[in-house]
1. To the nearest 0.05, what FRET efficiency results for LYS93 and ALA69 with a Förster distance of 30 Å applied to their C-beta separation?
2. Could you sort 47-57, 79-89 so that the peptide with the highest average Cβ count within 10 Å comes first and the rest follow in order?
Amino acid sequence: MPTKKDNQKTKQTKQAKTEKFQVTGDEILKKVKKLIKEGNIRRMVIKNEKGVVIMEVPVTVAVVGTVFAPILAAIGALAALLTQATIEVERRK
């Protein structure tokens, strides 16, 4: 059953746990950096206010070295264009 905590919804399946965070455009990059630091993320999806997928990142790949910086730059550029967004994070159990 979904729970709310800090604009967060959680859904659990047998393989992974999915969390959704509602953020404003200027909070996107900070939230993404925080989530990646927390670890054990398999995938991250950023959606606009209409629910359309804007960016999907397999974070396990992104954490490996130089690939990480361009992804953060792209997320920063998206943040400038979005007023509201949803970040869906799939974590390993």
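1. Values: r = 29 Å, r/R0 = 0.96.
About 0.55, to the nearest 0.05.
2. 79-89, 47-57
FYI, it's all coordinate maths here, none of it is from the lab. Model, not experiment: these values are computed from the prediction. Every residue, glycine among them, receives a Cβ derived from its backbone with ideal geometry; neighbour counts consider all protein chains shown.
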